[in-house]
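The values are calculated or read from the model by the stated rules, or taken from the named source; none is laboratory data. What you see is a predicted model; the values in this text were computed from it and never measured. Positions of Cβ are generated from backbone atoms using ideal geometry, with glycine treated the same way; all protein chains shown enter the neighbour counts.
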């Protein structure tokens with residue numbers, strides 16, 4: 001019964017928020033948040049979200065502390081499709097980072113954050 005009540009509350013919150021689907025919900029990043037692009041430099045050159053920090057997934061573990069020292073800093077992560085962003089979230093969790101958000105792919109992240117793509 002508790003599970004059903006929790007699910008109903010979640011659905012009501014979703015409906016009240018005005019989102020038609022989870023992918024259409026807008027997200028507001030906190031002031032101190034970091035927007036992280038974990039794609040390759042070649043992918044980044046073709047377009048990236050304004051204000052994003054490029055840190056390819058292959059370099060994430062060795063360079064994240066120079067980009068984000070405080071492990072409680074909110075980090076919003078995107079890639080091309082969302083898969084590498086998910087992997088980045090798991091790696092960062094294992095390293096002790098606590099406030100992680102997988103935005104999915106570049107286009108999904110643009111829609112969620114309402115940030116323009118730059119080239």
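So for the stretch 40-54 (the condition being modelled with pLDDT of 95 or more, surrounded by 18 or more Cβ atoms within 10 Å (Cβ to Cβ) and over 14 Å from residue 119 (Cβ atoms)), does at least one residue qualify?
No, there is no match, as no residue in the stretch 40-54 is modelled with pLDDT of 95 or more, surrounded by 18 or more Cβ atoms within 10 Å (Cβ to Cβ) and over 14 Å from residue 119 (Cβ atoms).
When you go through (1) buried (at least 17 other Cβ atoms within 10 Å of the Cβ); (2) within 20 Å of residue 25 (Cβ to Cβ) one by one for residue 116, which number turns out not to apply?
For residue 116, the exception is condition (1).
Take the residues in the stretch 96-110 that are on the phi < 0 side of the Ramachandran plot and in contact with a helix residue (DSSP H, G or I) (Cβ under 7 Å, 6 or more places away or on another chain); name whichever of them is surrounded by the most Cβ atoms within 10 Å (Cβ to Cβ).
By that ranking, first place goes to 103.
Taking the stretch 75-90, which residues are part of a helix (DSSP H, G or I) and under 21 Å from residue 48 (Cα atoms)?
Within the stretch 75-90, 83, 84, 85, 86, 87, 88, 89 qualify.
Considering only the stretch 81-89, I want to know if a residue exists there that is over 25 Å from residue 25 (Cβ atoms), out of contact with any strand residue (DSSP E or B) (no Cβ under 8 Å at 6 or more places or on another chain) and either surrounded by 13 or more Cβ atoms within 10 Å (Cβ to Cβ) or modelled with pLDDT under 95 (or both). Full working, then the answer.
As a first pass, look at the stretch 81-89 and keep what is over 25 Å from residue 25 (Cβ atoms): none.
There is no residue in the stretch 81-89 that is over 25 Å from residue 25 (Cβ atoms), out of contact with any strand residue (DSSP E or B) (no Cβ under 8 Å at 6 or more places or on another chain) and either surrounded by 13 or more Cβ atoms within 10 Å (Cβ to Cβ) or modelled with pLDDT under 95 (or both).
Among the candidates 93, 112, which residue alone is assigned to a helix (DSSP H, G or I) and in contact (Cβ under 8 Å) with a residue 40 or more places away in the chain? Give the derivation first.
On the way: 93 fails: in contact (Cβ under 8 Å) with a residue 40 or more places away in the chain.
Criteria check complete, one pass: 112.
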